[in-house]
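See structure below.
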Amino acid sequence: MTDTVTKAHPHQLALSVGLRDDATLSNFYPGDNALAVVAVRAAAEGGDEHFVFVWGPSGSGGTHLLQAACHAAAAVGRQSLYLPLDQVVAYGPQVLEGLESLELVCLDHLHAVAGDADWEEGLFHLFNRLRDAGCALLVAADAPPRRLRIRLPDLASRLSWGLVFQLHGLDDAGKVQALQLRAHARGIQLSEEAALYILHRSPRQMSALFALLERLDSASLSAKRRVTIPFIKETLGW
């Protein structure tokens, strides 16, 4: 993949972006984001709402939701694409060509191309093509539509047409429950005490917490031991 990506057509590059297997709606702890999750699921599965915009800082769950939407779409036989714009910005807006042939398009990190005239024009035309084709569109960014540095007025207007949700971070109790939910999905029995132990001794971002859980999962499988506080201490050197 790495050796051939620069030779591939931009659309082939877009379609090659992988999804995390654990990015599903079932293991996304909603907290105060329940309405956003409902809207994302409906758009992914073919509901009436065709455009959903979610925004929040890094680690607030936008990437997870967009990737999870693609998994949810696949589960009901719908074709979809997850496209992180920050990773393909150098390839230009050609990566947007032909996406209206899909049933769901998920554009992540929209802020990465805000202010770029070529990208904004490409997104404007894509928006129109998706609408005409009846294709669902999910967008994630670090700010709401009206606070992005969008210079093309018509694109700025269209980005506010759909449902817009701010993604709220989890409090400590929510992070503990999110850790336990993710652990359960991995087949790990993680007690509340063990989850709190991890939370109080690690970075608070969910991505960092989940990375630690993944590390503990691998270690527990190798050692054939349960993930207890003594095991966490031993494995992470705490």
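Taken over region 54-80, the criterion of being surrounded by 15 or more Cβ atoms within 10 Å (Cβ to Cβ) and either over 12 Å from the mean Cα position of the chain (by Cα) or in the same structural domain as Ala211 (by TED's automatic domain parsing) (or both) is satisfied by Ala72, Ala73, Arg78, Ser80. Selection of region 51-67 for residues being assigned to a loop (DSSP other than H, G, I, E, B) and either modelled with pLDDT under 95 or among the polar types (S, T, N, Q) (or both) yields Pro57, Ser58, Gly59, Ser60, Gly61. Just one residue in the set Arg215, Arg226 is within 19 Å of Ala23 (Cα to Cα) and either outside the structural domain of Ala39 (by TED's automatic domain parsing) or not charged (D, E, K, R) (or both); that residue is Arg215. Exactly one residue out of Gln67, Gln79 is within 21 Å of His184 (Cα to Cα) and touching a strand residue (DSSP E or B) at 6+ places or on another chain (Cβ under 8 Å): that is Gln67.
Restricting attention to region 137-160, the residues being within 21 Å of Ala73 (Cβ to Cβ) and either out of contact with any Cys (no Cβ under 9 Å at 6 or more places or on another chain) or without any contact (Cβ under 8 Å) to a residue 60 or more places away in the chain (or both) number 1. Comparison of Ala136, Ala112 shows that the only residue that is in the same structural domain as Gly59 (by TED's automatic domain parsing), under 17 Å from the mean Cα position of the chain (by Cα), aliphatic (A, V, I, L, M) and surrounded by fewer than 20 Cβ atoms within 10 Å (Cβ to Cβ) is Ala112.
Listed here are the residues, each with its yes/no results for (1) within 22 Å of the chain's Cα centre (by Cα); (2) surrounded by 19 or more Cβ atoms within 10 Å (Cβ to Cβ); (3) on the phi < 0 side of the Ramachandran plot; (4) not basic (Lys, Arg).
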| position | (1), (2), (3), (4) |
| --- | --- |
| Ala140 | yes, yes, yes, yes |
| Pro144 | yes, no, yes, yes |
| Asp154 | no, no, yes, yes |
| Leu163 | yes, no, yes, yes |
| Leu170 | yes, yes, yes, yes |
| Val176 | yes, yes, yes, yes |
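Residue pairs whose Cβ atoms lie under 9 Å apart, sitting 6 or more positions apart in sequence or on different chains, and linking a residue in region 39-54 that is aliphatic (A, V, I, L, M) to a partner that is at pLDDT below 95 and buried (at least 24 other Cβ atoms within 10 Å of the Cβ), are Val54/Gly61.
Residue by residue, here is whether (1) at pLDDT 90 or above; (2) farther than 21 Å from Val164 by Cβ; (3) loosely packed, with under 12 Cβ neighbours inside 10 Å holds:
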site	(1), (2), (3)
Thr4	no, yes, yes
Ala8	no, yes, no
Leu15	no, yes, no
Leu25	yes, no, no
Gly31	yes, no, no
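Take the residues in region 203-238 that are hydroxyl-bearing (Ser, Thr, Tyr), out of contact with any helix residue (DSSP H, G or I) (no Cβ under 8 Å at 6 or more places or on another chain) and over 17 Å from Ala178 (Cβ atoms), then tell me which one is surrounded by the most Cβ atoms within 10 Å (Cβ to Cβ). So, considering only residues that are hydroxyl-bearing (Ser, Thr, Tyr), out of contact with any helix residue (DSSP H, G or I) (no Cβ under 8 Å at 6 or more places or on another chain) and over 17 Å from Ala178 (Cβ atoms), the one surrounded by the most Cβ atoms within 10 Å (Cβ to Cβ) is Ser218.
The values are calculated or read from the model by the stated rules, or taken from the named source; none is laboratory data. Note that the structure is a prediction, hence the values are computed from the model and not measured. When we count neighbours, we look across all protein chains shown, and the Cβ atoms used for this are built from the backbone with ideal geometry, even at glycine.
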